[in-house]
Amino acid sequence: MTTEPTKPKATIEPTKAAEPPNPKVTPARVKTSAAAPPHDPVRADRVEISQGGADRVEAGSVSVTQGGIGEAVATTVEVRQGGIGQASATDIALSQGAIGFARGDRVSLEMGAIGAAIGDEVRVSQAMANLVAARGDVTVDQSLVSTLIGYRVTIRQPSAVLLLIAGRVEGSVRPLLDWRGGLAAGAAAGLVIGLLRLGRR
C-alpha cells in the first residue's frame, strides 16, 4: 500500500494597514547658496543666504552675505555685501550693500546706498541715501542725503544734505535747499513741466 506525500499547506499572513505619509515639517533654519525657485517664498524662523538669492523671504531673522533678495519681511534683517529690493522689519542693518526701500523701527546704513529709509530711528554712516524720514532721531555721519526729514537730526561732517526738514538740528550743516527752497523748486519744476506739455500740443 502506497501513501501519497502530504502537500505543504500555504500560510496566509495578515495584511498590514498602510501607514499614513509623514507630514512635511518646515525647517527652523534655512541656508541657501543657490537661487530659490521664482515666485516661491522662503519661510522659516531664520534664513541665511550666501552667494545666492530668493524672490521673497518671510522669517524671524534674515541674514544676507554676498547675495540678494527681492523682498524680505522679518523681525531682523542683516545685509553684508548684498542687496534687497524691499525690506520690512523691526531692525534693519545694512553694511556694504544696497536696499531699494527699507521700513523699520530702527534702520542703520553703513558704507552702502539706499533709495528710501523710513523708521523711528535712522542712522546713515559713510553712505548715500535718496530719502531718509524718521519720527524720532536721525544721524548722518560722513554721508550724502538728498532729502532728510526727521524730528531730531544730528549731522556730522563731512556730510551733505540737499533738502532738510527737521524739528531740531545738531551739528553744522547748510542744506542746499530748506523747506521753503524745496517748495519753490517743486513749484518751478511743475511750471516747467506744464509749459513743456503746452508746447507739445
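Laboratory data are not the source of any read-out in this text; all were calculated from the coordinates shown. Keep in mind that what you see is a predicted model, and the values were worked out from it rather than measured. Cβ sites come from the backbone with ideal geometry, for glycine too, and all protein chains shown count toward neighbours.
With a sphere of radius 10 Å drawn around the Cβ of A127, what net charge do the other residues whose Cβ falls strictly inside it have (Lys, Arg +1; Asp, Glu -1)?
Values: positive: R123; negative: E110, D141.
My count for the surroundings of A127 gives -1.
Taking 0.36 nm per residue of sequence separation and subtracting the Cα-Cα distance, how much length would be gained by fully extending the chain between D105 and R156, in nm to one decimal? Show your work: numbers first, answer last.
On the way: separation 51, 0.36 × 51 = 18.36 nm, distance 2.21 nm.
So the chain would gain 16.1 nm between D105 and R156.
Normalise the Debye intensity by I(0) for the stretch 79-124, one equal point scatterer per Cα, no solvent, then take log10 at q = 0.19, 0.22, 0.33 Å⁻¹ and round to two decimals.
The Cα Debye sum returns log10 ratios of -0.43, -0.58, -1.34.
What are the ³J(HN,Hα) couplings of the stretch 113-129, residue after residue, when phi is run through the Karplus curve with 6.51, -1.76, 1.60 and θ = phi - 60°? Round to Hz, x for glycine and proline.
Listing the rounded values in order: 9, 9, x, 8, 10, 10, x, 6, 10, 10, 10, 10, 10, 6, 8, 10, 9 Hz.
If you take the alpha carbon radius of gyration of the stretch 53-133 and divide it by 2.2 N^0.38 Å, what ratio comes out, to two decimals? Working shown, then result.
Numbers: Rg = 10.7 Å, N = 81, 2.2 N^0.38 = 11.7 Å.
Ratio of Rg to 2.2 N^0.38 Å for the stretch 53-133: 0.92.
Residue by residue, what Karplus-based ³J(HN,Hα) values in Hz, rounded to whole numbers, does the stretch 135-140 have, using 6.51, -1.76 and 1.60 with θ = phi - 60° and x for Gly and Pro?
7, x, 8, 10, 10, 10
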